[in-house]
1. Rounded to the nearest 0.05, what FRET efficiency do residue 146 and residue 77 have when you use their Cβ-Cβ distance and R0 = 22 Å?
2. Can you sort 47, 177, 135 so the residue with the fewest Cβ neighbours within 10 Å comes first?
3. By how many nm would the segment from residue 48 to residue 192 grow when fully extended, if each residue of separation counts as 0.36 nm and the alpha-carbon distance is taken off?
4. Could you check which residue among 54, 73, 136 shows the biggest mean-square fluctuation in a GNM of the chain with a 10 Å Cα cutoff?
5. Any idea how far apart residue 117 and residue 4 come out in nm if each label point goes 7 Å out from Cα toward Cβ?
6. For a footprinting-style exposure proxy, rank 156, 29 by other Cβ within 10 Å, fewest first.
7. Can you compute the modelled spin-label distance between residue 153 and residue 182, with each label point 7 Å from Cα toward Cβ, in nm?
8. Pairs of alpha-carbon atoms within less than 8 angstrom and 6+ residues apart define the contacts here; what relative contact order does the chain have, in percent?
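Values in this text are rule-based calculations from the coordinates and carry no lab data. Bear in mind that the values here come from a model prediction, so they are computed numbers and not experimental data. Every residue, glycine as well, gets a Cβ built from its backbone with ideal geometry; the counts of neighbours run over all protein chains shown.
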């Protein structure tokens, strides 16, 4: 005999936690765009730089949102199917809308200025690390669902793999973002030293 068991209260608790973690991810994505926009940096180079960093955030945003959707779909389908077969309630998870990545604005192109220290000091790694932590916290929340059966194992495998992929994305996009900052600061300082 195979024991298949789901404790609905833990499913509901997971759904609330998952929604919170995904909301945190969207907030961190938005903070990346906002922090670059707040640095004192004006002129044509600033516009190009902001365009590039916004492209990085937009690409990352798209991939992160796809990962969240895949996690939710895997979990929602597996839990709802087993719950329905046992006369339980279906699981509905909401994914927050993707972060809004504004196009770089060409504020002041008549003057060129840059606070190289402020740009270098941006803690862009912080939001990427927080996003990675939110994905891991989501996986932990899913592991706490009291549920036995092959569907749970399959959903957990999917969430584990998607979490691994998402945290790897965090690392690679964080490096790409930092390289863009370092390249801009280096180019500006080298041009100033001539």
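1. On the way: r = 19 Å, r/R0 = 0.85.
Efficiency at R0 = 22 Å is approximately 0.75.
2. Numbers: 47 17, 177 22, 135 26.
The most exposed by this proxy come first: 47, 177, 135.
3. On the way: separation 144, 0.36 × 144 = 51.84 nm, distance 1.86 nm.
Here the answer is 50.0 nm.
4. Its mean-square fluctuation being the largest, the pick is 73.
5. Distance between label points: 6.4 nm.
6. Numbers: 156 18, 29 23.
With the fewest neighbours first, 156, 29 line up as 156, 29.
7. Between residue 153 and residue 182, the label points sit 4.4 nm apart.
8. Working: 219 pairs, mean separation 74.3, N = 194.
Computed over the chain, the figure is 38 percent.
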